[in-house]
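The values are calculated or read from the model by the stated rules, or taken from the named source; none is laboratory data. Because the structure is a prediction, the values reported are computed rather than measured. Glycine gets a Cβ as well: all are built from the backbone with ideal geometry, and neighbour counts include every protein chain shown. Just the protein is used for accessible areas: all its heavy atoms, side chains included, with ligands, DNA and RNA removed. Shrake-Rupley method; radii C 1.70, N 1.55, O 1.52, S 1.80 Å.
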Amino acid sequence: MTQMTMLYATLAGQVATARGIEPVDFDGNPYDLADCIPLPSGATIAMMPGRLARGRDRHGQPYILPPTRGWAISAFLPIGYTRTRLPGYQLAEPENMPANAATLPFFGYTALLEYAGELYVAATRTDDPARWHPDAFDRRKLERLVRSRLRAEPENRVLAQHAHCALDYGCPTASNLFFARWEGAVAVAGGCNARCIGCISKQEEDGLVSPQDRLNFVPTVAEIVAVGVRHLNLGPEAILSFGQGCEGEPLLQARVIEQAIRLMRAQTDSGTIHLNSNASQPRAIARLCAAGLDSLRASTISARPATYAAYYRPIGYALEQVKQSLITAREAGAYTSINLLLFPGLTDAEDEAAAWIDFLRETGTQLVQLRNLTIDPELLLPKLPSRGPAMGIRAFIDLLHREVPGLRVGNFSVAVRRLPDSGGPPGHRRVPLDHSVE
Ligand code: SF4
């Protein structure tokens, strides 16, 4: 029978094979081939310094790669793929821990192994990656488009901000503003009423560096409307998204967004106006829906209050407000989704999974977007409450489909359209563009 083989990174940064060693995952379990796929195009391979590769020898005995040979290895998946297992490793002794490796940078470490001579990852495809694949973002064309757009609108700070995000971070939604297509970004908020352990735009703790700088201004309504109307008028597939990785919480600028939505909807009926948010303020959500917001995505790591509080460290709100925001938006006719910060061993823990089913049923959420949480397990897990045994990520996804009929599970926000007033809740119900109405 074809065996899986452990891989590791040599000290020179090469991918190497540990012949005769079977890889194990973060919890020391062997991999199930059903949990693995060939390494997808667009993935990145990275070493995990200070982490010793871990496996089992031919006799099934535990095996740890000596630090003199190299470190554990992982992959970062392209969007559209969801990891099913974390890489297996053992922390190096302090005397062998390289400088600055105590905590690894904010990436989505995914298990990488060899099977039948090929590179495999512990992952499953959960959406169509085509529109998010690096190949869809031609760099030279982007630079040209950014230059000409900034020349035409030199005063618009929203464009200047997202030119920076597109060129310096490779942000797909920022880049789409300049490619004039699909989901385009509008960041508005520098502050936040949460202090997430894994925040990618602001880190408080010494030694932790957030991958992106947080926005340091609040755009004017006019700046937003100028960018927004142009993008929305691109057509029914255009999505204008408030709430980006480079900002804090957009609801802290709800008044600005509300005015902008009203003015944009006064000028165009086209496209989808969408909000990515920590959904901490149900009343602000009600006002934005009344102004014309089409869809809301609430970000959360858990449906259990204790886990939520431990990760988000919220200021002046709790998971209950997130739940109320989703219900409020749903009742107002907006399309609702969850940005589920997925972490194998946490998300698929039986008690966490059971709470998710209740939460999704109670809120009537229509779409779950699975997001590989980009954080070092050593930073995250010690800070979270204990949880039950894990069922496996694929089993968790199956459970969602089984227990919440009609729920959509994927990785991306969807463009929506308004249905004629159905005589139900106020406002026009939104459904995905590709949704056929009975
Ligand atoms: S809600 Fe968003 S911006 Fe605020 S701390 Fe969390 S990740 Fe950062």
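Taking the criterion of being open to solvent by 20 Å² or more (accessible area, probe 1.4 Å), over 17 Å from the mean Cα position of the chain (by Cα) and closer than 14 Å to THR126 by Cβ, the residues of the range 396-413 that qualify are ASP398, HIS401.
Any chance the range 223-236 includes a residue that's under 23 Å from ARG147 (Cβ atoms), more than 16 Å from the ligand (Cβ to nearest atom), in contact with a Cys (Cβ under 9 Å, 6 or more places away or on another chain) and part of a helix (DSSP H, G or I)? Scanning the range 223-236, I find no residue that is under 23 Å from ARG147 (Cβ atoms), more than 16 Å from the ligand (Cβ to nearest atom), in contact with a Cys (Cβ under 9 Å, 6 or more places away or on another chain) and part of a helix (DSSP H, G or I), so the answer is no. Go through the range 103-125 residue by residue and tally those that are over 17 Å from PRO30 (Cβ atoms) and either without any contact (Cβ under 8 Å) to a residue 60 or more places away in the chain or among the small types (Gly, Ala, Ser) (or both). Total satisfying the criteria: 2. When the range 408-422 is examined, which residues are found to be modelled with pLDDT of 75 or more and either under 18 Å from GLY271 (Cα atoms) or among the small types (Gly, Ala, Ser) (or both)? Listed by number, the residues that qualify are GLY410, PHE412, SER413, VAL414, ALA415, VAL416, ARG417, ARG418, LEU419.
Confirm whether ALA353 is closer than 28 Å to ILE239 by Cα, in the same structural domain as GLY292 (by TED's automatic domain parsing) and either among the charged types (D, E, K, R) or modelled with pLDDT of 95 or more (or both). Taking the combined requirement at face value, the residue does not satisfy it.
Of the strands (runs of 3 or more DSSP E) lying entirely inside the range 270-343, those containing at least 1 residues that are among the aromatic types (Phe, Trp, Tyr) and surrounded by 21 or more Cβ atoms within 10 Å (Cβ to Cβ) span 335-342. Tell me whether the range 156-174 contains one or more residues that are free of Cβ contacts under 8 Å to residues at least 40 places away in the same chain, polar (S, T, N, Q), more than 16 Å from the ligand (Cβ to nearest atom) and assigned by TED's automatic domain parsing to the domain that holds ILE239. There is no residue in the range 156-174 that is free of Cβ contacts under 8 Å to residues at least 40 places away in the same chain, polar (S, T, N, Q), more than 16 Å from the ligand (Cβ to nearest atom) and assigned by TED's automatic domain parsing to the domain that holds ILE239. Any residue at all in the range 237-246 that is modelled with pLDDT under 95, under 24 Å from ALA290 (Cβ atoms) and within 13 Å of the ligand (Cβ to nearest atom)? For the range 237-246, residues modelled with pLDDT under 95, under 24 Å from ALA290 (Cβ atoms) and within 13 Å of the ligand (Cβ to nearest atom): present. Of all residues in the range 101-122, those satisfying the criterion of being within 19 Å of ARG394 (Cα to Cα) and either at pLDDT below 95 or in contact with an Asp or Glu (Cβ under 8 Å, 6 or more places away or on another chain) (or both) are TYR109, ALA111, TYR120, ALA122.
Of PRO236, PRO211, all but one fail to be within 26 Å of ALA266 (Cα to Cα) and surrounded by fewer than 16 Cβ atoms within 10 Å (Cβ to Cβ); the exception is PRO236.
All of LEU263, LEU232, LEU215, LEU252 fail the test of being touching a strand residue (DSSP E or B) at 6+ places or on another chain (Cβ under 6 Å) and either among the aliphatic types (A, V, I, L, M) or under 27 Å from GLY170 (Cβ atoms) (or both), apart from LEU232.
Does the range 116-125 contain at least one residue that is assigned to a loop (DSSP other than H, G, I, E, B) and open to solvent by less than 30 Å² (accessible area, probe 1.4 Å)?
Looking through the range 116-125, at least one residue is assigned to a loop (DSSP other than H, G, I, E, B) and open to solvent by less than 30 Å² (accessible area, probe 1.4 Å).
Of the residues making up the range 180-215, those that are within 30 Å of ALA102 (Cα to Cα) and either within 16 Å of the ligand (Cβ to nearest atom) or not in a loop (DSSP other than H, G, I, E, B) (or both) number 24.
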